[in-house]
Every structure is written in C-alpha cells, then in structure tokens.
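The values are calculated or read from the model by the stated rules, or taken from the named source; none is laboratory data. Everything numeric in this text was worked out from a predicted model, so none of it was measured. Counting neighbours? That spans all protein chains shown, and the Cβs are built from the backbone with ideal geometry, glycine included. Note: accessible area is taken over every heavy atom of the protein model, side chains too, but ligands, DNA and RNA are not part of it. Shrake-Rupley method; radii C 1.70, N 1.55, O 1.52, S 1.80 Å.
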Amino acid sequence: MTHIIEFNTARLRLRQWQESDREAFAMLNANPQVMAFFENLLDRSTSDAIFDELRLQIAQRGWGLWAVEVLQNKIPQDEVLHENEFIGFVGLCIPSPDLPCSPCVEISWRLLPNYWGKGYATEAARAVLRVAFETVRLPEVISFTSLPNLRSKAVMERIGMVQDGGFEHPQLPPGHPLSLHVLYRISYEQWLNQ
C-alpha cells in the first residue's frame, strides 16, 4: 500500500483531497480571477473529473497536487474558516508529455482569491520543494506560466527557481495571448544552496 504524504507548514496543512473539497474546487476552477491565465474556465463535469484524478494520483503515488487548508490555530481573526476548509491546492504533477520540458515534474499552485497576498502560495511551495527533494528524491523541479502571469512568476522566484527560457504552449493556438510561457527550474543542488 502506498504511503500518502501529508504535511504542515507554519500556517497550512497540505493533505489528500476529501469529498468535502469538491464544491470549493469547482468554484476555484470557475473563478475568472483564478483562471485568468488559462484558456477557459472549467465547467463542473470537467472540474469533477480533474478532482477525481488528483485524488487518485496521490493515492497511487503518495504525492501530487495537495489540497491546502489553513491550520485552525493560524486563521487570522478577520477570516471565517471551518475545520478542513479547502483554500486551493499546491503540489507536484507530471505535465503533458508534449511540452518541450518533458519529461519533468512541475510544482504548481492555485488558491482562491480571498487567500492571495498572504504568502500562503510561497509558504506551501517552499514546503513542497522540501518534500520533492528530501522525500520524493527528485533531481529537479520545474514550473511554467504564461508571460503575463506576474503573480506566479513572483512565487517561482521567491522559492528560488531560476528562469530558463520559454516556449509556446503546444495546447494553445499559435498567436493566442496566453501561448507564450516562461519556464523556471530548480535542481536539488540549487535548492540545497539557497
């Protein structure tokens, strides 16, 4: 049986998906702010299919894109959250094999807008890199985003990733406003020497 990796940061819990996350995940994927740098919003059936796949990947590999919640004793007083409440996801995935950087393992994140600007994505991503290098034993982790996505690029740089060129995303039509992507990398050695 696969050991499922779950872990805490100072303020967050990264864990396997629960059925109670399904509705909030669909809201995340249908939010125009969250999905501004993706080609489309996701409808409920597509979101549910991805939800099931993310849960299965963690069950099979032990790691993946983890659901994120704020630890109960770390919730700011101006926020109303319930135990195990989903605020987004941060973790590791294996992207499409048609990308020029494949085969690779990508670090990725997506949080509900109410939780932007609080350092949660950076905090969780730093912990995910530690798991990637110390537990999963990956030699390198990559990340990429469309050129206009300054928020994600800032997170990549804050966690020590280094820009390594770019590419046109093969799943977007040539000339699409989001087709040009920037690629970031961090090796185990670079991570150790931060």
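With all protein chains in place and ligands, DNA and RNA left out, the 1.4 Å accessible area ranks Arg137, Arg22 as Arg137, Arg22, largest first. Counting only protein chain heavy atoms and rolling a 1.4 Å probe, the accessible areas of Trp191, Trp116 rank, largest first, as Trp116, Trp191. Neighbours of His176 by Cβ distance under 12 Å: Lys/Arg scored +1, Asp/Glu scored -1, total -2.
Helices meeting the span-like rule in the chain (full DSSP H runs, Cα extent of at least 20 Å along the helix axis, mean Kyte-Doolittle score of 1.6 or higher) are absent. Checking the a/c ratio against 1.5 first, then a/b against b/c, what shape does the Cα gyration tensor give for the chain? Rounded.
Rounded to the nearest 20 debye, the dipole magnitude of the chain is 460 debye, with +1 charges on Lys and Arg beta carbons, -1 on Asp and Glu beta carbons, and the Cα centre as origin. Between the alpha-carbon centres of region 142-190 and region 1-32 there is a gap of 23 Å.
Based on C-alpha pairs under 8 angstrom that are at least 6 apart in sequence, the chain has a relative contact order of 18 percent. Estimated from helices alone, the mean residue ellipticity of the chain at 222 nm is -8000 deg cm²/dmol (sum of -39500 (n - 2.57) over DSSP H runs with n ≥ 4, per residue). Residues Tyr115, Tyr188, ordered by accessible area of protein heavy atoms at a 1.4 angstrom probe radius and largest first, appear as Tyr188, Tyr115.
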